[in-house]
Amino acid sequence: MAGERSVGLLLYRKRPPEGHVEVLIAKMGGPFWANKYAHSWTVPKGLVTEADADDAAAAEREFAEEMGRSAPPGTSADLGTSRSGSKTIVVLAREGDFDADDIVSNTFEVEWPPRSGLVQQFPEVERASWVTPQDARQLLAKSQTVFIDRLLELLANTGEVSG
């Protein structure tokens with residue numbers, strides 16, 4: 001059986017005057033991630049369903065579900081894939097701005113505390129933040145840090161930023 005496939009959208013922006021790059025990442029919600037900080041952040045993403053026509057449509061849908069509204073319009077660039085256990089993660093990048101302080105994440109239910117019989121709802125995303133690529137490498141789940149390097153390489157190759 002093939003593993004799950006998750007698709008996400010990594011927004012980036014260039015800050016004046018030097019054009020430094022920042023990326024938008026999200027702190028994972030729920031009790032498992034509550035007391036963790038390093039490597040507990042993610043690119044807004046979610047599972048691809050059989051009904052998804054393509055990765056771009058899935059990335060748009062998942063971004064809206066996790067952040068509470070649509071991503072800014074624009075052209076997306078494919079940053080390739082990474083693996084996390086049996087899951088394949090696909091990330092697209094897009095330049096655009098987004099108010100990280102104004103998110104409303106969808107929720108999930110889980111029995112918490114374990115074996116208590118009490119089912120609680122938690123947001124999939126606790127909060128979002130614009131961070132430097134250096135900070136993103138420390139915050140993102142380890143399987144996703146490769147997308148930061150790929151984004152910077154893409155921007156350097158297109159002349160949008162210097163190394």
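The values are calculated or read from the model by the stated rules, or taken from the named source; none is laboratory data. Here the structure is a predicted model, which means the values were calculated and not measured. All Cβ positions, glycine included, derive from the backbone under ideal geometry; neighbour counts span all protein chains shown. Please note that ligands, DNA and RNA were not included when accessible areas were found on the heavy atoms of the full protein model with its side chains. Shrake-Rupley method; radii C 1.70, N 1.55, O 1.52, S 1.80 Å.
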Which residue fluctuates most in the GNM of the chain (Cα springs below 10 Å): V119, V23, V104? V119
With at most 16 other Cβ atoms within 10 Å, longest stretch of the chain clear of loop GluC sites (Glu not before Pro) (DSSP): 51-159
At a 1.4 Å probe radius, carbon and sulfur cover how many percent of the accessible area of the stretch 105-159? 50 percent
Output row, site A38, 7 Å Cα→C-beta label point, backbone N cut-off 14 Å, window the stretch 123-148, residues 135-142
Sequence-distant residues sharing a close amide H with L10 (under 5 Å, placed H): L92, A93, R94
Based solely on its DSSP helices, what 222 nm [θ] is calculated for the chain when runs of n ≥ 4 H residues each add -39,500 (n - 2.57) and the sum is averaged over all residues, nearest 500 deg cm²/dmol? -6000 deg cm²/dmol
Give me the aspartates and glutamates in straight-line cross-link reach of K27: C-alpha distance below 17 Å, same-chain residues under 8 apart excluded. E62, E65, E66, D99, D101, D102, E124, E126, D135
Taking only Cα atoms and a 10 Å spring cutoff, compute GNM fluctuations for the chain and point out the largest among P73, P133, P17. P17
Quick check on the stretch 1-54: take the gyration tensor over C-alpha atoms, sort the square-rooted eigenvalues as a ≥ b ≥ c, and tell me if it's rounded (a/c under 1.5), prolate or oblate. oblate
For helix 55-67, what angle does its Cα long axis make with the longest principal axis of the chain, in degrees from 0 to 90 and rounded to 10? 60 degrees
Given a 1.4 angstrom probe, what's the average accessible area per residue across the stretch 114-163, in square angstrom? 59 Å²
Could you state the angle between the C-alpha long axis of helix 146-157 and the longest principal axis of the C-alpha atoms of the chain, as a value from 0 to 90 degrees rounded to the nearest 10? 20 degrees
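What percentage of the solvent-accessible surface of the stretch 45-98, computed with a 1.4 Å probe over protein heavy atoms, is contributed by carbon and sulfur atoms?
Roughly 49 percent of what the probe reaches on the stretch 45-98 is carbon or sulfur.
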Highest-MSF residue in the chain out of R15, R69, R83 [GNM, Cα springs under 10 Å]: R15
For the stretch 1-110, dividing by residue count, accessible area per residue (probe 1.4 Å) in Å² works out to 51 Å²
From the list [x] 16.3; [y] 16.9; [z] 15.6, can you say which value of Kirkwood radius over Cα pairs in Å was derived from the structure given? [x]
Here the net charge surrounding S86, from other residues whose Cβ is less than 13 Å away from its Cβ (Lys, Arg +1; Asp, Glu -1), is +2
